[in-house]
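Just below is one structure, and these are the notes that go with it.
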Amino acid sequence: MGAVYVLWLRELRRYTRSRVQIVVSLGQPMLYLFVMGFGLGAVFQQAGRGSYLQFVAPGIIAMTVLFTSTFSGIALLWDRQFGFLKETLVAPVPRFKIMLGRTCGAATVAMIQGTLVAVICVAAGFRPVSIASLPLAIGILALTAILFAALGTSIGAGLKDMQGFQMVMNFVVMPLYFLSGAMFPLDNLPRALTIATQLNPLSYSIDGLRATLIGQAHFTLSMDITVLVIMGFVLICFGAWRFSKIEA
């Protein structure tokens, strides 16, 4: 497991060295939180749904983890461009361990980002219904980070240029977010949207966070966790297979 630890630590150091990246990456979640959280609050409350800030905060936290973990695949392209990937691949280490180390590092960075956004949400007025449920919420967030970090690594392993990665990720990430119920309730949707949200793994992540943080859920908490575990396992296996085919 030494190789996994080294690559995990490298991803973490790469993130902590860039203070500008830390600050800039908080801009989009804060925009969603303050503009939508307060801008749509009155409309949401008039519809009898209560506080929109309480409703949307778990979705914004999950969005931060989604974006940070998935876009970590860009680091794979940078390593390929500057030759570090070739040095890593020729090392006497199974490629699965290399992929796992990178995925764990990206997931850790995403968790840090999600935690920072959660603190901002609390400062803005978001209040979890129970402190005792926070460890379970952190576990759901960790599953989400691992799942989408594996997805980012899988996509990055099959591409060779930044432009292609950006286009693919925008095609994948934005639909995942907008069809997850992060900004709207999942009940009483049109049939097509209902199917899309049920097939979206991010829907179960956000639903699990809402179940643990504000006591509201569309699915059951056990179903949320089961789907995240299964999808995480599938994407790690798929990412390992894709990484085994990579050429530096």
Seminar exercise, completed: Residue count, the range 207-237, condition surrounded by 15 or more Cβ atoms within 10 Å (Cβ to Cβ) and among the aromatic types (Phe, Trp, Tyr), comes to 1
Problem set entry | Failed condition for Arg102, given (1) at pLDDT 80 or above; (2) surrounded by fewer than 18 Cβ atoms within 10 Å (Cβ to Cβ); (3) assigned to a helix (DSSP H, G or I); (4) of a type in the set (D, E, K, R) | (2)
Problem set entry | Lone qualifier among Ile155, Ile146 - being under 20 Å from Thr64 (Cβ atoms) and within 14 Å of the chain's Cα centre (by Cα) | Ile146
Exercise. What is the residue count in the range 182-214 for residues that are on the phi > 0 side of the Ramachandran plot and at pLDDT 90 or above?
Worked result: 0
Exercise. Hey, does the range 73-84 have a residue that's modelled with pLDDT of 75 or more and within 15 Å of Ala240 (Cβ to Cβ)?
Worked result: yes
For this session: Kindly list, by first and then second residue, each pair from a residue in the range 122-138 that is under 16 Å from Asp207 (Cβ atoms) and assigned to a helix (DSSP H, G or I) to a residue that is aliphatic (A, V, I, L, M) and at pLDDT 90 or above, limited to pairs with Cβ atoms under 6 Å and residues at least 6 apart or on different chains.
Result: Ala137/Leu209; Ala137/Leu213
Seminar exercise, completed: Taking the range 151-184 and keeping only residues that are of a type outside the set (Ser, Thr, Tyr), surrounded by 14 or more Cβ atoms within 10 Å (Cβ to Cβ) and part of a loop (DSSP other than H, G, I, E, B), one is left with Gly158, Leu159, Leu179, Gly181, Ala182, Met183, Phe184
Exercise. What residue, of Ala137, Ala124, Ala192, is small (Gly, Ala, Ser), more than 17 Å from the chain's Cα centre (by Cα) and within 17 Å of Met63 (Cβ to Cβ)?
Worked result: Ala124
Seminar exercise, completed: When restricted to Gln54, Gln21, the only residue of a type in the set (S, T, N, Q), at pLDDT below 80 and not in a loop (DSSP other than H, G, I, E, B) is Gln21
For this session: Quick one: count up the residues across the range 170-195 that are free of Cβ contacts under 8 Å to residues at least 40 places away in the same chain and either over 19 Å from Ala150 (Cα atoms) or in contact with a strand residue (DSSP E or B) (Cβ under 8 Å, 6 or more places away or on another chain) (or both).
Result: 13
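The values are calculated or read from the model by the stated rules, or taken from the named source; none is laboratory data. All of these numbers come straight from a predicted model, not from anything done at the bench. Counting neighbours? That spans all protein chains shown, and the Cβs are built from the backbone with ideal geometry, glycine included.
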